[in-house]
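Worksheet: one structure, shown below.
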Amino acid sequence: MDSEQRLVVVSNRLPVTIRRSGEEWRVQASSGGLVTAMDPILRRNDGIWIGWPGDPSGGGDPSRQEAIDRAAGGRRFIVVDLPERVVELFYEGYSNQAIWPVFHYFPAFFSYDPEAWRAYIEANRMFHDVVVENARAGDLIWVHDYQLMLLPAMLRQSLPDARIGFFLHIPFPSSEVFRLLPGREDLLQGLLGADLIAFHTHAHLQHFRSALLRVGGVESRMNAVESAGRTIRLEALPIGIAPEEFRGMLEGNAQTRHFLSEYEERFRGRRIIVSVDRLDYTKGIPLRLRTFRRLLERNADLRGRVTLIQVAVPSREKAPFYAQLRRQVNELVGEINGEYAAPDWTPVVHLNRGISRAQLVALYAVADIGWVNPLRDGMNLVAKEYVASNRGGGVLVLSELTGAAEEMGEALLVNPFDEERTAEAIERALDMPVEERRDRMEALRRRVERNNAFAWSERFIELVGEAAAERARRVEELPGQASPEAIAASYRAARERVLCFSYEGTLAPAGASRRQSAPPPGLEKTIARLAADPANLVALISVRGRADLEQWFGGIPGLWMAAEHGALIRPGGALEWRAAHPNLSTEWKAPVMSVLEQFADRAPGSVIDEREYSVAWHYRLSDPQFGDWLAGELAGFLERMLSETQVSAVRGHKCVEIRPLWIQKAQFVEQLLEERPGADFRFALGSDRADEDVFGRMGPRAWTVRVGRAPSSARFWTPSPDDAVELLRRMAGSG
């Protein structure tokens, strides 16, 4: 990261927790991969960390900020003060009772409260206000995790040129699960405010892409998505740890060495299995305990020789199902120890509390097996911590449902729901030859050291910079936003005018049926006013057939109309339509219709729109991913089928259109310009690839406007069909 760039880290929690104790504030520093990765970069770049300090009652007390500043040790921590009501509804409510269970595939634990959703929005807005208040030009803003998924879009609106990255630390679920979540569309749009959205794994990234398509109707590429004229980069970037910290504690920390000696003496002659988790239903602790009981049931020779050390750190204890989980774990531990324990041996050592880093590293070092079996996890850094700390003879038994499984193939991967096969994997680990254990652990250790927390953070920052630079470059290529006032003023000053509008997607919604494409209220009256001016030549181009155009706009005197992209034309003032090309043949339609009917049967919800000289297959209401795949198959098949004809198959937005090659909107525009060669005001509205030719034919000084912000040969853009219609109203009212 350039030394002149400042990093702004935004997370739900600051890396310190503060609590009032009598008249004083007590500050406890947090640890973990995120703090480890961010700290050196923050110090090097005069960065700031914005978050909630864990206390809902201290806002406005200057002594609290002084205590935080002392704990920051030269770093800058900026507090977001959240009222107690917001904390309860935003964090305990929507974040952890709605997003958390859905994203971890536990819909049975899902609970939704509309007030909690409103608090989630409010909390994100409060974070936004603090970020904007402290932001300065050139900052790189890095937003973290599921509690702040609305924040990137909020920041983009207030800081349009800011470099913004977002990283999700938990899994992103399949679209079928994600669609259970109220507020889902808002969450997707919130994330699309970033320049870079990153996940731990490619699987999570692909689930996000699927949700964009199936829930949001937004198409994407493998590593990018277009939104509001911007390209948002998508990446899989697994987080790492700082392995040298763990090695350093083993080699040079007296307390760690003390615990190591103590554990070696206490468990001498026994095999040690260690598991470290937060007490959360996603971690699979009851399944692990049942699996361990199964292991002892079928292997009498292991009794007295193997000890499971289960560290379960309390979490979210206010929630009733967490209290129930704690009881369940305690009961299972009691049952196993009651059935199998001996005077000199306890099968399960259960620590229902946090332990010091020194104790943890010592446990990792002595453990023959690190058993990490969450039922779903974004990454799980315990697996990497075990590898970094173990002295070489251990085996990692890892759930295949963690993000870590994608990069730790030398572990024994298990399905934690399959207790019998997981028990077999533990047996295999216990019996594994020393050489194989060391080879596997060495390969894992090299990867953990290479893909460490610093490499992860630096790569993320590099990618945000690249994505933001690409956005800035593309902004320079985008048209400027259309000014209705300037266009109307030029319109008034002109002596003779040519006005040409595409219809679907430009002035009205694009749809397969007449009802879906019907004109919005007032559009006919606006076009009629424009066409009534003798100085104007007004033309409308549509993909619809002439019957639809006659029904909607046939009563407007003087209006030129082109149906089916220009295959049929009705000049202004004429009563009859004429074909744009003589000797039109439609013999190709019968075999093509037969093919389209087969494809329509394969894709429920798809429809065929047959016109006089063209045919379209629409799949807007079909499964989007299957529809896209089927459209590619159809276009390829028809290309081969029609290779020796003057007909082509063209893929459009959620449709495949088959029409003669010579049908082009631009040819119709040439006729309009020939009718008014002296026009000193040329105006064109369009929204798709075919309109790019129209913009080019209108000339470099024409008022060409694209609906929707995207790279275009048009000089200007306007956001939506509603804005395009309003632009016409301005002109119609200024004549």
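Just so you know, all these numbers are worked out from the coordinates, no wet-lab data involved. Nothing here was measured: the structure is a model prediction, and the numbers come from that model. For neighbour counting, all protein chains shown are included, and Cβ atoms are generated from backbone atoms with ideal geometry for every residue, glycine included.
Treating cross-link reach as a plain straight distance, find the lysines whose alpha-carbon is under 21 Å from the alpha-carbon of LYS384, omitting any fewer than eight places away in the same chain.
LYS283
Can you give the extra length, in nm with one decimal, that the chain gains between ASN337 and GLU92 once fully stretched, where that is 0.36 nm per residue apart less the Cα-Cα distance?
Answer, rounded to one decimal: 84.8 nm.
Output the 0 to 90 degree angle, nearest 10, between the alpha-carbon long axis of helix 202-214 and the longest principal axis computed from the alpha carbons of the chain.
Between the helix axis and the principal axis of the chain, the angle is about 40 degrees.
Per 0.36 nm of contour for each residue apart, how much would the distance between ALA443 and GLU458 grow if the chain were fully extended, relative to their Cα-Cα spacing?
Net length gain for the segment: 3.1 nm.
Kindly state, to the nearest 0.05, the FRET efficiency for ALA494 paired with GLU675, given R0 = 25 Å and r defined as their beta-carbon distance.
According to the calculation, E is roughly 0.95.
Go through the range 105-121 residue by residue and turn each phi into a ³J(HN,Hα) via Karplus (6.51, -1.76, 1.60, θ = phi - 60°); whole Hz please, and just put x for glycine and proline.
6, 10, x, 5, 9, 6, 9, 10, 10, x, 5, 5, 4, 5, 5, 4, 4
Using 7 Å Cα-to-Cβ label points, what is the ALA108/ALA666 separation (nm, one decimal)?
It is 6.2 nm.
Can you compute the charge dipole magnitude of the range 570-678 about its Cα centre, using +1 on each Lys and Arg Cβ and -1 on each Asp and Glu Cβ, nothing else charged? Give it in debye, rounded to the nearest 20.
Roughly 220 debye, rounded to the nearest 20.
In nm, to one decimal, how far is the modelled label at ALA224 from the one at MET593, with both set 7 Å along Cα→Cβ?
4.2
Length gain on complete extension for the stretch GLN157 to TRP629, per 0.36 nm per residue less the alpha carbon to alpha carbon distance?
Between GLN157 and TRP629, full extension yields an extra 166.4 nm.
May I ask you to derive the FRET efficiency for ALA469 and TRP345 from their Cβ-Cβ distance with R0 = 51 Å, giving the value to the nearest 0.05?
The pair ALA469/TRP345 has a calculated efficiency of 0.25.
Note down the magnitude of the dipole of the range 243-450 about its Cα centre, charges +1 on Lys and Arg C-beta and -1 on Asp and Glu C-beta and zero elsewhere, to the nearest 20 debye.
460
Relative to the first principal axis of the alpha-carbon coordinates of the chain, what is the inclination of helix 320-340, with its axis defined by its Cα atoms, in degrees from 0 to 90 and to the nearest 10?
Helix 320-340 sits at roughly 40 degrees to that axis.
If we sort 721-731, 604-614 on the protection proxy, mean other Cβ atoms within 10 Å, highest first, what's the order?
721-731, 604-614
Between the DSSP loop rule and a limit of at most 14 other Cβ atoms within 10 Å, which trypsin sites (Lys or Arg not before Pro) in the range 109-146 are left?
ARG136
Take the Cβ-Cβ distance between GLU485 and ALA203 as r, set R0 to 60 Å, and report the resulting FRET efficiency rounded to the nearest 0.05.
0.75
Where in the range 303-335 are there GluC sites (Glu not before Pro) that are in a DSSP coil and have at most 11 other Cβ atoms within 10 angstrom of their Cβ?
Hits after loop and neighbour filter: GLU317.
Taking amide H positions as placed in the peptide plane 1.01 Å from N, state which residues far from LEU396 in sequence (5 or more) or on other chains have amide H under 5 Å from it.
So LEU396 has HN proximity to GLY370, LEU412.
For every helix of n ≥ 4 consecutive DSSP H residues, a contribution of -39,500 (n - 2.57) applies; sum these over the chain, divide by its total residues, and give [θ] at 222 nm rounded to the nearest 500 deg cm²/dmol.
-13000 deg cm²/dmol
How far, in degrees from 0 to 90, does helix 589-602 lean away from the longest principal axis of the Cα atoms of the chain, to the nearest 10?
Once rounded, one gets 30 degrees.
When only Cα pairs under 8 Å and 6 or more residues apart are kept, what is the percent relative contact order across the range 589-660?
29
What trypsin sites (Lys or Arg not before Pro) does the range 185-260 have in DSSP loop regions with at most 11 other beta carbons within 10 Å?
Of the trypsin sites (Lys or Arg not before Pro), the ones in loops of the range 185-260 whose Cβ has at most 11 other Cβ atoms within 10 Å are ARG221.
Roughly what would the spin-label model give for ASP61 and ARG421, points 7 Å off Cα along C-beta, in nm?
5.4
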